[in-house]
Amino acid sequence: MKIQEQSVGEIAARRPGAIEVFYRYGIEFCCGGGVPFSRVCEEKGLDPDKVLKEIEEAGRETGGDFRAWEEASTAEIVSHLLEGYHVPQRERLDQCAEWAVKVARVHEEKDPRLLALRDTFLALRDELLEHFDKEEELLFPAIVAGNPEKAAALLDSLSQEHEEAGASLEEIRKLSDGFVVPPQACNTWRALLQGLEKLERGLHEHIHLENNVLFPKVRS
């Protein structure tokens, strides 16, 4: 299959540098990773050959750090998800929650949207922690135990939760003006925006690895 005919998620999983370029162009590769690359470029008015060239250039710069997770076992992917995403993201969720509550309380008059940002983030945090628990207590043990039927039965509901998390992340980005630090921001406000941006990126990569690599492996 020609690369132009592959989905965005497939390219992100197989090509070093692809994720960096997709971020640059605002190409959604995790929850919407099943969309063909050619269609995304057409919808965004992008030259696919130009984008692919940039992916090749980015890949030459970062290729040494790239792991082709499609070639890994499901057990290896589960271990990476736990250590590389679940553990640090639980910590970041708690830290950002503390900052979001404080910033909304102290600076509400400067930007009333901080209340909506706080509430949207706290709801997302609770949903994600529950989602992580489901994966750690049900999905991942079934995968590691070699019970693909039990694991596959969970994928539709978990995929839907990924979609809902993606929508919340998009709303958080809008409420924070794309994480741009306003002139009146204190250090805690600045830390909140930086933390949210890091969390968004990590969650996009996390969901991409599950939606576009792990879940297809389980289904097959």
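What follows draws every value from the coordinates through simple rules; no lab data is involved. These numbers come from a predicted model, not from an experiment. Glycine also receives a Cβ, built like all others from the backbone with ideal geometry; neighbour counts cover every protein chain displayed.
Counting only residues at least eight positions apart within a chain, or on another chain, the aspartates and glutamates with an alpha carbon under 14 Å from that of Lys102 are Asp94, Asp111, Asp119. Dimensions of the range 1-111 based on its C-alpha atoms, expressed as ranges along the principal axes with the largest first, amount to 53, 38, 26 Å.
Order the peptides 181-193, 27-39 from the highest to the lowest mean number of other Cβ atoms within 10 Å of their residues.
Per-residue mean Cβ counts within 10 Å order the peptides as 27-39, 181-193.
Each of the peptides 122-128, 108-114, 211-217 was scored by the mean count of other Cβ atoms within 10 Å over its residues; in descending order, highest first, they stand as 211-217, 122-128, 108-114.
By the Kirkwood approach, averaging reciprocal distances over each pair of separate Cα atoms, the chain gets a hydrodynamic radius of 18.6 Å.
Give the average over all directions of the projected area of the C-alpha convex hull of the range 127-177, one decimal, in nm². Numbers along the way, then the final one.
Values: hull surface 14.7 nm².
Mean shadow area of the hull around the Cα atoms is 3.7 nm².
For the chain, the longest principal axis of the C-alpha atoms and the axis of helix 87-107 are separated by about 30°. Computed per residue of the chain from DSSP H runs no shorter than four, each worth -39500 (n - 2.57), the mean residue ellipticity at 222 nm is -22000 deg cm²/dmol.
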